[in-house]
Amino acid sequence: MGYAERFAGLPLKDEPLILGIESSCDETAAAVIRGRRLLSDAVISSAAVQAEYGGVVPEIASRAHTDAIGAAVERAVAEAGVAPADLDAVAVTYGAGLLGALLVGLSFAKSYAYALGVPLIAVDHIRGHMAAAYLADPSLEPPFITLLASGGHTAVLYTESYTAFEILGSTRDDAAGEAFDKAARVLGLPYPGGPSVEKLAREGTPCVPLPKMFAGAGYDFSYSGLKTAVVNYCHTKEQKGEPYSRADVAASFQCAACDVLAERAAAAARAKNCRTVAAGGGVIANGYLRRKLADVCEKAGLRLVLPEKKYCTDNAAMIAAEGLVQYRARRFADLSVNACAHIPLGKKGKQ
Ligand code: KG4
Ligand code: ZN
């Protein structure tokens, strides 16, 4: 009998206690939720070490996870004020991400679930980002529009139910976070790029004439034209020996990169007759984008559900939140579940 099968007849609890584990990149994170209430959230980050190398070095990330995973889980369980034996399930990111890094969290979660005799739930990291909104507002229920903007994906989705969604539009090339990271590199800013661009943009004004981000039909968008425009602007100024304000470039890029996202999310809500827009992913931590979303939604009479900034970037609370969705759908994993470097978001249309 497979491990998942053992729980085929498990009586489900209304408010299960779920441990979430996340180790797909440079944060070792563990969190405990009871139903939709977050009880604890422990993060041990290797970002400072990675910053010395200008980006995430996979080998260093895996080793840092190995050092930190035990302490992160112990802390999350203790801060939740529960005992390991009280847990009803263990949810863990199985992809997408760095393979070695994922394997640390996944292997730990398998052993932990097996030792406790509770279901293991394998979570797609991106579904986790989308589920963060369920903790931000425990009254949130589908259907609603989700704006997803992370380092790997950028999309506007119609979240039809807890487990079914439709991709209305997505990026044709770079993800929003990638575009921020590339802009940061051109501007000579340190890793991680997104927060660095946001910080510098605060000192500038959006006066550099960059093309408005391409917004194709059907809610698609593209970042390549905007990226090239930033590179060309800086290089041309440098070649001519003309001074220019990096802060103004950062502010202009930030507006161009974010405005279309907010507008498209609101337009999708109108088209789908939804009253609510939720958002998730690292780029949603951007203060300018958050204000823009609030503004656009207020004007359109839409309710906006924004997770706190720390639950937009990688965290384990969101993995536990998606774990709850899977628990309620009885989607339990076998102990043979493996890590996946890439998990496609899916094709446009219903999933
Ligand atoms: O969602 P996330 O933490 O990881 C993925 O699942 O991809 O997103 C990371 C991305 C990076 O590209 C990072 O530069 C961007 O989110 N990001 C930001 C901000 N914080 C993180 N972009 C713009 N402004 C921010 N404050
Ligand atoms: Zn992420």
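The values are calculated or read from the model by the stated rules, or taken from the named source; none is laboratory data. Bear in mind that the values here come from a model prediction, so they are computed numbers and not experimental data. Heads up, the Cβs are rebuilt from the backbone with ideal geometry, glycines too, and the neighbour counts pull from every protein chain shown.
Odds and ends about this structure:
- Hey, residue 145 buried (at least 21 other Cβ atoms within 10 Å of the Cβ), modelled with pLDDT of 95 or more, in the same structural domain as residue 62 (by TED's automatic domain parsing) and touching a strand residue (DSSP E or B) at 6+ places or on another chain (Cβ under 8 Å) or not: no
- All conditions in (1) surrounded by fewer than 17 Cβ atoms within 10 Å (Cβ to Cβ); (2) of a type outside the set (Val, Ile, Thr); (3) within 26 Å of residue 189 (Cβ to Cβ) hold for residue 25, with the sole exception of (1).
- Of all residues making up segment 171-188, the number that are touching a residue at least 40 places away in the same chain (Cβ under 8 Å) and away from ligand 2 (no atom under 16 Å from the Cβ): 7
- Selection from segment 59-72 of residues that are out of contact with any Ser or Thr (no Cβ under 7 Å at 6 or more places or on another chain) and modelled with pLDDT of 95 or more: 62, 63, 66, 67, 70, 71
One line per residue, one yes/no per condition, for (1) assigned to a loop (DSSP other than H, G, I, E, B); (2) among the charged types (D, E, K, R):
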| residue | (1), (2) |
| --- | --- |
| 204 | yes, no |
| 210 | yes, no |
| 218 | no, no |
| 229 | no, no |
| 238 | no, yes |
| 255 | no, no |
| 259 | no, yes |
| 271 | no, no |
| 274 | yes, no |
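- For segment 284-335, taking the residues that are among the aromatic types (Phe, Trp, Tyr) and assigned to a helix (DSSP H, G or I), the one that is surrounded by the most Cβ atoms within 10 Å (Cβ to Cβ) is identified as 311.
- Close contacts from segment 30-56, counting a first residue that is within 26 Å of residue 79 (Cα to Cα) and a second that is of a type in the set (S, T, N, Q) and outside any strand (DSSP E or B), with Cβ to Cβ under 8 Å and a gap of 6+ residues or different chains, come to 31/315; 41/315; 43/315.
- Any hit, segment 43-55, residues being in a helix (DSSP H, G or I), away from ligand 2 (no atom under 16 Å from the Cβ), over 13 Å from residue 319 (Cα atoms) and among the polar types (S, T, N, Q): no
- All conditions in (1) more than 13 Å from the chain's Cα centre (by Cα); (2) modelled with pLDDT of 95 or more hold for residue 260, with the sole exception of (2).
- Residue 51 fulfils the conditions (1) modelled with pLDDT of 95 or more; (2) under 21 Å from the mean Cα position of the chain (by Cα) except for a single criterion, (1).
- The condition of being on the phi < 0 side of the Ramachandran plot, over 17 Å from the mean Cα position of the chain (by Cα) and surrounded by fewer than 21 Cβ atoms within 10 Å (Cβ to Cβ) holds for only one of 106, 187, 120, that being 187.
- Taken over segment 228-275, residues that are buried (at least 20 other Cβ atoms within 10 Å of the Cβ) and either in contact with an Asp or Glu (Cβ under 9 Å, 6 or more places away or on another chain) or among the charged types (D, E, K, R) (or both) amount to 5.
- Flag if residue 266 is more than 30 Å from residue 95 (Cα to Cα), in contact (Cβ under 8 Å) with a residue 24 or more places away in the chain, part of a helix (DSSP H, G or I) and more than 16 Å from ligand 2 (Cβ to nearest atom): no
- For segment 157-177, the set of residues classified as within 16 Å of ligand 1 (Cβ to nearest atom) and either of a type in the set (D, E, K, R) or touching an Asp or Glu at 6+ places or on another chain (Cβ under 9 Å) (or both) consists of 157, 170, 171, 173, 174, listed by residue number.
- Residue list for segment 134-148, filter: aliphatic (A, V, I, L, M), out of contact with any Phe, Trp or Tyr (no Cβ under 8 Å at 6 or more places or on another chain) and away from ligand 2 (no atom under 11 Å from the Cβ): 147
- Test set (1) within 13 Å of ligand 1 (Cβ to nearest atom); (2) surrounded by 22 or more Cβ atoms within 10 Å (Cβ to Cβ) - residue 195 fails condition number: (2)
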